[in-house]
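**Student:** Take a look at the following structure, please.
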Amino acid sequence: MKNDSLTRYAEINEKNKREIVLLRGSGCKWRRCAFCDYHLDFSPDENSNYVLNQEVLKNVTGKYKRLEVINSGSFVDLDKMTFQLIIDTCIQKKIEKIHFECHWMHRDAIANLRNTFDSYGIHANIKIGVETFNAPFRENVLHKGINETSPAKIAALFDEVCLLFGLAGQTETSMQYDIETGLANFNRVCINIMVENTTKIKPNPAVIETFIHKIYPLYQDNERVDILLENTDFGVG
Ligand code: SF4
């Protein structure tokens, strides 16, 4: 399904300065996360994806030497031409660090990606959407598809973790546990707050209130924690 009304380029000018591009690939191969409709941004047409991605990547200036690539799924869903263009853009714009997202099911592809970028002197950071370290909730309710309960074992393959807050059942204690577990095991933690979308999972206003008043003040100045208060979970693998 094509969805070209999305904002596909952004600069983050505060904490964790970087440019972000939302590219289009062949689509998430998991597609079962109960809270996500972001995987609808895809096309099976590689050429049209490439044409779109070409336009998006033209925006990259390299001003922060850091580029985050997101694509409604995992980096493996991007076509080969787009991939080469990402590499070329990084070289031309002197990008030193690139960030990609990846679902657990594609973890075996990460080493090759790191090696490819290493060969150009570019450091690749890989982000995984774990959403919560409460594995039964994550797998039985959110259907995240991570068949590993150990945060350390998940983190062995990934650099950054996304968490999803604002869901019924989450508490001040559970959210703080998730953040602290993320910080203890990953380089960075990215917190997304659930917003209304087309899925049956709804944002829980009381949980969001708790987050804003009790959790946000504790981490808003933490350089290793990104908080997207008014954004959706962008379907980070
Ligand atoms: S959250 Fe990510 S892995 Fe899950 S269905 Fe959405 S795009 Fe796929």
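The values are calculated or read from the model by the stated rules, or taken from the named source; none is laboratory data. Owing to the predicted nature of the structure, the values given are computational and were not obtained by experimental measurement. Note that each Cβ is placed from the backbone with ideal geometry, even for glycine, and that neighbours are counted across all protein chains shown. Please note that ligands, DNA and RNA were not included when accessible areas were found on the heavy atoms of the full protein model with its side chains. Shrake-Rupley method; radii C 1.70, N 1.55, O 1.52, S 1.80 Å.
**Student:** Quick one: angle between helix 80-92 and the longest Cα principal axis of the chain, in degrees between 0 and 90, rounded to 10, please.
**Tutor:** Between helix and principal axis, roughly 80 degrees.
**Student:** Then there is this: Assuming a ≥ b ≥ c are the square roots of the Cα gyration tensor eigenvalues, decide whether the range 59-132 counts as rounded (a/c under 1.5), prolate (otherwise, with a/b larger than b/c) or oblate.
**Tutor:** Here the range 59-132 falls in the prolate category.
**Student:** Still on this model: What does DSSP give for the chain in terms of the percent of beta bridges that are antiparallel, rounded to the nearest 5?
**Tutor:** Antiparallel bridges: around 15 percent, rounded to the nearest 5.
**Student:** What does the charge dipole of the range 9-228 about its Cα centre add up to, to the nearest 20 debye, if the Cβ of each Lys and Arg holds +1 and the Cβ of each Asp and Glu holds -1?
**Tutor:** Using Cβ point charges on Lys, Arg, Asp and Glu, the range 9-228 gives about 240 debye.
**Student:** Which longest uninterrupted range of the chain lacks any GluC sites (Glu not before Pro) assigned by DSSP to a loop state (not H, G, I, E or B) and surrounded by at most 15 other Cβ atoms within 10 Å?
**Tutor:** My reading of the result: 15-95 is the longest stretch.
**Student:** Can you give me the angle between helix 172-185 and the longest principal axis of the chain, using Cα atoms only, in degrees from 0 to 90, rounded to the nearest 10?
**Tutor:** 40 degrees
**Student:** Continuing with the same structure: Of Asn112, Ile191, Phe165, whose Cα points farthest to the positive end of the dipole of the range 9-228 (charges on the beta-carbon: +1 Lys, Arg; -1 Asp, Glu; origin at the Cα centre)?
**Tutor:** Asn112
**Student:** How far apart, in nm, are the 7 Å Cα→Cβ label points at Glu46 and Lys17?
**Tutor:** Once both label points are built, they end up 3.8 nm from each other.
**Student:** If you take every residue apart from Thr173 with its C-beta less than 12 Å away from the C-beta of Thr173, what net charge results, scoring Lys and Arg +1 and Asp and Glu -1?
**Tutor:** Net charge in that neighbourhood comes out at -2.
**Student:** Additional query: Bins of 5 Å, beginning at zero and ending with the bin holding the largest distance: percent of Cα pairs per bin for the range 9-228, please.
**Tutor:** 1, 7, 14, 18, 20, 18, 12, 7, 3, 0
**Student:** Turning to a different aspect of this structure: Just the number, please: carbon plus sulfur as a percent of the accessible area of the chain, 1.4 Å probe, no ligands or DNA/RNA counted.
**Tutor:** So the carbon and sulfur contribution to the accessible surface is 52 percent.
**Student:** Right, here's the next one. Which whole-Hz ³J(HN,Hα) couplings does the range 154-159 yield from phi under the Karplus relation 6.51 cos²θ - 1.76 cosθ + 1.60, θ = phi - 60°, glycine and proline marked x?
**Tutor:** Each residue of the range 154-159 in turn: 5, 5, 4, 9, 10, 9 Hz.
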